[in-house]
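The block underneath contains the structure these notes are about, expressed in C-alpha cells.
The values are calculated or read from the model by the stated rules, or taken from the named source; none is laboratory data. All values reported here derive from a predicted model rather than from experimental measurement. As a convention, Cβ positions derive from the backbone with ideal geometry for all residues, glycine included, and neighbour counts pool all protein chains shown. When the accessible area is computed, the model is the full protein with side chains, heavy atoms only, and any ligands, DNA or RNA have been set aside. Shrake-Rupley method; radii C 1.70, N 1.55, O 1.52, S 1.80 Å.
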Amino acid sequence: MAISSTFFAAKLDSLSMNYCSSSSASFSAAYFPYQQQMKVFPRPNHGNKGMVSRNGGVRCEAAEFNAALGPQKIDPSKASALSALQQLKTSAADRYTKERSSIVVIGLSVHTAPVEMREKLAIPEPEMPRAIGELCGLNHIEEAAVLSTCNRMEIYVVALSQHRGVKEVTEWMSKTSGIPVSEICEHRFLLYNKDATRHLFEVSAGLDSLVLGEGQILAQVRQVVKAGEGVLGFGRNISGLFKHAITVGKRVRTETNIAAGAVSVSSAAVELAFMKLPESSHTTARMLVVGAGKMGKLVIKHLVAKGCTKMVVINRSEEKVAAIREEMKGVEIICRPFMDMLACSAEADVIFTSTASETPLFLKEHVKDLPPVSCEVGGLRLFIDISVPRNVGSCVTDVEGARVYNVDDLKEVVAANKEDRLRKAMEAQAIITEELKQFEAWRDSLETVPTIKKLRAYADRIRLAELEKCLSKMGEDIPKKTRKAVDDLSRGIVNKLLHGPMQHLRCDGNDSRTLNEALENMNALNRMFGLESDLSLVEQKIRAKVEQSQK
C-alpha cells in the first residue's frame, strides 16, 4: 500500500516532537493499519527528523519530500499552529484520500482448507448480490466480489486499509458461517494488489484448480461478472479485474492448449468410481446420478464415454433430463423425481450427487437400511459426492457396506493426469505476466481520471462564462440556430485545446518516457490551473516504474 510523504509532512513532524515516546506509538497503532505494525521512532538528539519504518522496507522522513525537488523544510510556526488533536482528527481522512486503495483476496481453497469448512462458507449464486452489499457495508471496503465453487471460496475486495479490511471481511465470514475467526485465519490465504491479480488470472486459466487446466472455472468466473451486473458494490476496479481474468483464461486456453486432455471435476469423479469398482463390473454396475445441472450433465456424459448404457437420474425438472437423453442417443436414461431418491438408491451400486442443496440429502439413517450390493461390484455401495455444500453427510461413512468420496478425494485421480500439463502451465505463466502488466497499466490510468475530469470541468466553466457574456452582448433576439452555432463553436475550441493535454495525461505503462511525461504533465497542470489533484501517489507509482524500467 502506498504511503503519502505529504501526509507525513504535516502530521508526523509535529507529532514526533510532541509525542516522541508513548504517544507516537499509540498514534501509529491507531492510524497506520498495515499488514505489519509500523513503528514511529523518536527524534534523536542530533536533530535528524523522526521517521516511519515498516520492517525496514518503507521509510519516510517526517519532512515534505518531492521526488523531483528533494527535501523541503516545513515552517515550524505552521506545524505548531495545528494542535495534536486536530492532526489526529484529520489524519484518518487524509490517509484515505492520499493512499490508493488495495485489491485484496481473502480465500480458502482445496489447497488450504477441508471441504467441511468450505461448505459452511459457500455462498449460493442467488445470494451473491446480498453478500456484495454486506461486504461493501463494512467500514473499510469499497468494492467486493465473491468466487464460490466446489474447490474454493474467495472474496475479492477493494480495501481502504489492508489490515482493517482483512479483519472486517474475516469477521464477516465468521459471522455468516459460524466458524470461529481463529479457525478461518488458520486456513485462509491473503494476497494483495499484484499478487491478488495474478492469483485470479491463474484461477481463471485453470492453473490453481485441483484439476489443472479444467474449463469449468472459467465459466464460474464469468458467472461472477454476470451476478455482479447492476450491483452497487461490484465497482470499476473489481469488475475490470474479473473481466480481464476472463480474457486471460480464454487466451491461455487458446495459446497453450492446456485444456487438451484435461479432466474436469465431473470426469475425475467418474474416473474415481471406476478405479474403485472391480474391472469386471465396469459395464454392469448400476449408476444413479442425483442432480442434472451442469456438473450432473458432465457426469452423465463421462459415464457414457466409459461405456455405460443405462442409468437413473434424479432431478426436479424432467425437461432437463429429456434434453440430455436427446443428446445421448442410444443410452437409456431414466428420470425419477426426488421423492423416489431412496428407492432408486436401494437399486444402485454407485451414486453420484451434484445438487445445490444446502443440507445433506443422504444421512446415516437413510443409508443404513439400504440392501447390500452384490459382491460382483466389490460389496460396497459407492457415494461420489462432488457438491459443496456436501450432499452426503460424513456420518454415512459409519455405515457398513458404504464408502463416501468427496471433491477432496479426487486428488488421487488428478495426480495421474497432471504431469503432462505442467509444461503448458509454464507457457501460461508467461501470458499471465504479460496480461498482469496490462491490467496494472489500466489501474494506473484510473489515477489520472480525477485530473482529467477537473481539467475539463475547469475549461467548461470558463467556456460557459465567456459564452454567456458573448450571447448577452448579441442581444435577446438571437435565433436558436445562431445560438447553437456559437455554442458548438465554443465547445469545438475547448475540445481542440484540451486534446493535447488529455493525450499527455494518459499513461499506459509501456515505456518510461511516457510515464515520465505523464508525471511532469500532471504536476504542471496542477500548478498552472490549481486543480488541487492529489498527485503524490501517482508520482510514487510512476517514478517506481520508471526506475524499475531503467535497471
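Here's the picture: a label point sits 7 Å out from the Cα of LEU446 along the beta-carbon direction, and within region 130-164 the residues with their amide nitrogen under 13 Å of it are 142-145, 157-160. Accessible surface of VAL494, taken over heavy atoms with a 1.4 Å probe and every protein chain present, rounds to 20 Å². Rounded, prolate or oblate for region 145-217? Axes are the square roots of the Cα gyration tensor eigenvalues, ordered a ≥ b ≥ c, and the cut-off for rounded is a/c under 1.5. Oblate, because a/c is 1.5 or more while a/b does not exceed b/c.
The magnitude of the dipole of region 117-201, with charges of +1 and -1 set on the Cβ of Lys/Arg and Asp/Glu and taken from the Cα centre, is near 160 debye. The Cβ shell under 12 Å around PRO180 holds other residues with a net charge of -1, Lys and Arg each +1, Asp and Glu each -1.
Rolling a 1.4 Å probe over the heavy atoms of the protein chains gives region 234-290 an accessible area of 38 Å² per residue.
If you plug the beta carbon distance of ARG461 and THR247 into 1/(1 + (r/R0)^6) with R0 = 60 Å, you get a FRET efficiency near 0.95.
Between ASN139 and ASN257, the modelled labels are 5.5 nm apart [label points 7 Å from Cα along Cα→Cβ].
Ordering THR254, THR482 by accessible surface, largest first, gives THR254, THR482; the 1.4 Å probe counts only protein heavy atoms, with every chain in place.
A crude spin-label estimate for the pair PHE189 and PHE338, with each label 7 Å from Cα along the Cβ direction, gives 3.4 nm.
For LYS301, the accessible surface of its heavy atoms amounts to roughly 70 Å² (probe 1.4 Å, protein chains only, rounded to the nearest 10). Globularity index of region 243-340 is 1.27 (Cα radius of gyration / 2.2 N^0.38 Å, N = number of residues).
Each peptide in 392-401, 470-479, 376-385 gets a packing score, the mean of other Cβ atoms within 10 Å over its residues, and the list from highest to lowest is 376-385, 392-401, 470-479. Label point of CYS470 set 7 angstrom out along Cα-Cβ; within region 486-502, amide nitrogens under 11 Å from it belong to 486-494. Say the cut-off is 24 Å between C-alpha atoms; which of LYS120/LYS301; LYS301/LYS411; LYS194/LYS424; LYS120/LYS294; LYS329/LYS368 go over it? With Cα atoms farther than 24 Å apart: LYS120/LYS301; LYS329/LYS368.
Label 7 Å along Cα→Cβ of ARG403; region 369-396 residues with amide nitrogen under 17 Å? Zone members listed by number: 372-386, 396.
Under a crude label model (7 Å from the Cα following the beta-carbon direction), how far is ILE493 from VAL331 in nanometres? Rounded to a tenth, the inter-label distance reads 7.3 nm.
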